[in-house]
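For reference, the structure is listed below as structure tokens.
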Ligand code: SF4
Ligand code: SF4
């Protein structure tokens, strides 16, 4: 696969990467051996770009996958840390967990709006210091927000933007309201033009667009200034199809069988707004005693009507 430089970082990545979250505890919950086999398959297929996070608890899968291979992928991680010390711990944790002296990419995870970035000034200062000390090669921001993406374009210290974008605008936010793919695409372009590296998330909208596999990937691939597309992968079959796509050899009639797919709510993200409950035509969602949405798998028909109304992309198809 061809490599492309992530902005001006000197880090070169393939056009697609593997989101390792999928194999971990919060999604498929594969054993370390099973999950590592999926990561290893990605490396064998030249998808040598991995995305993880402190919160995902997936470092053991990556470490196991790297044992027994000479491939050295680019690894991006991130932390929800708010403070300098919290971010310092997150960086040290990754260095230790993966036995790495120097990390490729470390990001502020899920910056929700400009005030959130300002409130995490300590964590951001820590990342700047880590880069100055040579512990991290490139730093930046992951976000679902158009306004945050715009801000990143003008943030001199930031090397990377990891934004959410897909062809249905699922989960894109802008300030206090929903955002559009057009505005996010413009923000991505501004980042690229200012020398930031950009790799994207949620091309399939949390699984809701998997049925439009080629269309969804084609949309993001065609966006200016996107260096790579990060895709959550949970099986060797999914790895192979993504590699085929990136190599231009996929059967253009390919349509994954998504009949086994299920919907679930990420309890950490759900804000209890109730929009999904109102949107579900099958009364498959209810609020639990904490006010958090919960899906009845026996009733859900995976129609996907609920996901677009969720303001925080807490509804995931897996
Ligand atoms: S996928 Fe459809 S049936 Fe299932 S919870 Fe969402 S709206 Fe309801
Ligand atoms: S729409 Fe999203 S945030 Fe609102 S209750 Fe449903 S899952 Fe939670």
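The values are calculated or read from the model by the stated rules, or taken from the named source; none is laboratory data. Everything numeric in this text was worked out from a predicted model, so none of it was measured. Backbone-built Cβ (ideal geometry, glycine too); neighbour counts: all protein chains shown.
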**Request:** Could you check how many residues of region 278-311 are near ligand 1 (Cβ under 6 Å from one of its atoms) and touching a residue at least 40 places away in the same chain (Cβ under 8 Å)?
**Result:** 3
**Fill in**
If you go through 155, 170, the only one that is out of contact with any strand residue (DSSP E or B) (no Cβ under 6 Å at 6 or more places or on another chain), in a loop (DSSP other than H, G, I, E, B) and surrounded by fewer than 22 Cβ atoms within 10 Å (Cβ to Cβ) is 155
**Complete:** Considering only helices (runs of 4 or more DSSP H) wholly within region 210-318, the ones with at least 1 residues that are within 16 Å of ligand 2 (Cβ to nearest atom) are 275-279
**Message:** Among the numbered criteria (1) away from ligand 1 (no atom under 11 Å from the Cβ); (2) farther than 24 Å from residue 219 by Cβ; (3) modelled with pLDDT under 85, which one does residue 271 miss?
**Reply:** (3)
